[in-house]
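Below is one structure; the comments refer to it alone.
Any read-out appearing in this document is the output of simple, stated calculations on the displayed coordinates, not a laboratory observation. Values in this document were obtained by computation on a predicted structure and should not be read as measured data. Neighbour counts are summed over all protein chains in view; Cβ atoms, including those assigned to glycine, are modelled from backbone coordinates with ideal geometry.
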There are 2 protein chains.
Amino acid sequence: MSDPYVHGYTTREARRLGDQAGTLAELLHEGTRYPAGAKVLEAGCGVGSQTRFLVEGSPEARFTCLDISSESLAQAEAQAAERGWENLEFVRGDLYDAPFAPASFDHLFVCFVLEHLTRPVEALAGLMRLVKPGGSVTVIEGDHGSCYFHPDGALARRAWQCLIDAQAALGGDSLIGRRLYPLMVQAGAEQVRVGPRAVYCDDSRPAWVEGFVRRTIIPMVEGVREAALAEGMMSPEEWAEGIAQLHQTATAQGSFLYTFFKGVGVAPAA
Amino acid sequence: MSDPYVHGYTTREARRLGDQAGTLAELLHEGTRYPAGAKVLEAGCGVGSQTRFLVEGSPEARFTCLDISSESLAQAEAQAAERGWENLEFVRGDLYDAPFAPASFDHLFVCFVLEHLTRPVEALAGLMRLVKPGGSVTVIEGDHGSCYFHPDGALARRAWQCLIDAQAALGGDSLIGRRLYPLMVQAGAEQVRVGPRAVYCDDSRPAWVEGFVRRTIIPMVEGVREAALAEGMMSPEEWAEGIAQLHQTATAQGSFLYTFFKGVGVAPAA
């Protein structure tokens, strides 16, 4: 049974995810390498935003990319065809009931997926059963409660809170990063280590300010504008001022922080 | 003119600061090394909690440790005597009007000080004039708004907010970390680079859970209990539950995050 997806499936959203991954790839994927011939399941590949970096990091591994959305898979497949990758296969299926036999894979990779699920522990436990005992399990998630900025505008904070509330309304948990460790342990992963990976933007890091604050964060918040206004969470004027305040964090006097969490563990014996 | 100091000057506080530095030293002081003979001003040394790590990291540099409090200086001097350090001198004086000639020092080090000041830009600009042009300027601060945890108890959050409000009531800014970059630039520092240094605690890092959450953070919050209750910010029952919730973040199912900021720049030409 699948869960709704807060960001929707628009073309703009696909571009946003591409932008996000493009600026974050080094931060998020550092340390993730799979050997030649290893069978890796990427669960919830979406349009392939992370797939790209998986393949570039481990060009001789074999990836199986699972997603519930045919439309997203079509985009992910188009990307693979365009780049001439031959070590990928794409499978449509539900994370909670994936169409694979137990222990079919050597490793599992899950990125920006569990935050959207109502039962992330159950989902991860099920996915880990598809991995051979001793195989690695890598999970990357954000935490929207890790976000803060300067100047610390009250309306910017409220607009950001709308994003958190919109995801919660769909049954997800955008504050999942901070609980990734207990979640992975509860799902049965062994030898779990979780580390924060902080994005910090100030005027001395213009590429991060542009790529992360202006092209990732602000468009992501703008994506819930209509829902927030429809729910009466903010007035149109308050919303406009909140977005203007977010833009101030991207000026020479501003700063912006957001932390991702990367967890790595080992799949347990069956 | 000096500012009041939110943590007070109690024996317990001195021990807490010692504990804090003990577990954080590697995280905070990594990269700070001064050559033999270099004259370093530590402005706002307090009881010498950070002095200890400065001297251990740069045993052949010469440190001048400035503080407004005779009592704190006496403790810092006692520590130096006990450890047999001979490359330190202690001077009582006001950060805003320090008793040194311009360009008296090769380097400046300021840790956990600016957050307590009403005019941090002015203070830092004045201290930088005591440094020779081209000398390094290192500033370390926390940011209490960077703190979040799991479980995310509402009363724990409120108790934490009491700490932020107590510092603000004294004219300080415990959210200073996120604005360290623009602050250092405004004070005149050149080539400024600021980096977040995150403390992340979960059950796989028991030394951090014990040293940071149980022995640093919770005692620090408990330190403002009486002020918070006197102001009616929380009831005694709410306070007790808030502290209990903070202790839950230090269990196997919990996690705790806090981010420090370290900025390094260069003193400008006079």
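Take B:Ala240, move 7 Å from Cα toward the beta carbon, and the resulting point lies 5.2 nm from the same point in each other copy, nearest first. Between A:Thr118 and B:Ala154, the modelled label-to-label distance comes to 2.3 nm, taking each label 7 Å out from Cα in the direction of the beta carbon.
Charge dipole (Cα centre; +1 on Lys/Arg Cβ, -1 on Asp/Glu Cβ; no other charges) of the range B:196-270 amounts to roughly 520 debye. Remark: the range B:31-40, residue by residue, has Karplus-estimated 3J(HN,Hα) of x, 9, 9, 10, x, 4, x, 5, 8, 10 Hz, where x stands for each Gly or Pro and the curve is 6.51 cos²θ - 1.76 cosθ + 1.60 at θ = phi - 60°. Classified by the C-alpha gyration tensor, the range B:32-148 has a rounded form. Its axis ratio a/c, with a ≥ b ≥ c, is below 1.5. Placing a label point 7 Å from Cα along the Cα-to-Cβ axis, A:Gln191 is separated from the same position in the other copies by 4.3 nm, shortest listed first.
Shape of the range A:190-254 from its Cα gyration tensor (a ≥ b ≥ c, root eigenvalues): rounded if a/c is under 1.5, otherwise prolate when a/b > b/c, or oblate? The partial results should precede the final answer.
Values: a/c = 3.07, a/b = 1.35, b/c = 2.27.
Here the range A:190-254 falls in the oblate category.
Beta bridges from DSSP with both residues in chain B: antiparallel share about 55 percent, rounded to the nearest 5. Measuring between their Cα centroids, the range B:255-270 and the range A:98-143 lie 38 Å from each other.
Within the protein assembly as shown, the cysteines lacking any other cysteine Cβ closer than 4.7 Å to their own Cβ are A:Cys111, A:Cys147, A:Cys162, A:Cys201, B:Cys111, B:Cys147, B:Cys162, B:Cys201.
Helix-only arithmetic for chain B: the sum of -39500 (n - 2.57) across DSSP H runs with n ≥ 4, divided by the residue total, places the mean residue ellipticity at 222 nm at -10500 deg cm²/dmol.
At 4 °C and 1.567 mPa s, grab the translational diffusion coefficient of the protein assembly as shown from Stokes-Einstein with a Kirkwood Rh over Cα pairs, rounded to a whole number in µm² per second. In µm²/s, the coefficient is 52. Does the range B:146-222 come out rounded, prolate or oblate by the C-alpha gyration tensor, with a ≥ b ≥ c the root eigenvalues, rounded set by a/c under 1.5 and, if not, prolate when a/b is larger than b/c and oblate if not? Oblate.
Around the amide H of A:Phe90, modelled in the peptide plane, lie the amide H atoms of A:Cys65, all under 5 Å away and 5 or more residues distant in sequence or on another chain. Rounded to whole numbers, the Karplus 3J(HN,Hα) couplings from phi for the range A:159-167 are 4, 5, 5, 4, 5, 4, 5, 4, 5 Hz, using 6.51 cos²θ - 1.76 cosθ + 1.60 with θ = phi - 60°, and x at Gly and Pro. Working from label points 7 Å from Cα in the Cα-to-Cβ sense, the B:Ala227 to B:Thr251 distance is 3.0 nm.
Computed from the C-beta positions of B:Glu71 and A:Ser204, the FRET efficiency with R₀ = 41 Å rounds to 0.60.
Phi-derived couplings, Karplus 6.51 cos²θ - 1.76 cosθ + 1.60 at θ = phi - 60°, listed residue by residue for the range A:91-99: 10, 8, x, 8, 4, 6, 8, 5, x Hz, with x used for Gly and Pro. Angle of helix A:236-248 to the longest C-alpha principal axis of chain A, folded into 0 to 90 degrees and rounded to 10: 70°. Take the Cα of A:Tyr96, step 7 Å toward its Cβ, do the same at B:Ala78, and the gap between the two points is 6.3 nm. Taking amide hydrogens as placed 1.01 Å from N in the peptide plane, the amide H of B:Arg197 sits under 5 Å from those of B:Phe260, B:Phe261, B:Lys262, each at least 5 positions away in sequence or on another chain.
With its label point put 7 Å out from Cα toward Cβ, A:Ser204 sits 3.1 nm from the same residue's point in the other copies, in order from shortest. The rotation axis taking chain B to chain A passes closest to the C-beta of one chain B residue; that residue and the distance in whole Å read B:Ala198, 3. Legend: translational diffusion of the range A:11-266 by Stokes-Einstein, Rh = Kirkwood radius over C-alpha pairs, 20 °C, 1.002 mPa s; D = 113 µm²/s.
A Förster radius of 41 Å combined with the Cβ-Cβ distance from A:Ala270 to B:Glu60 puts the calculated FRET efficiency at roughly 0.10.
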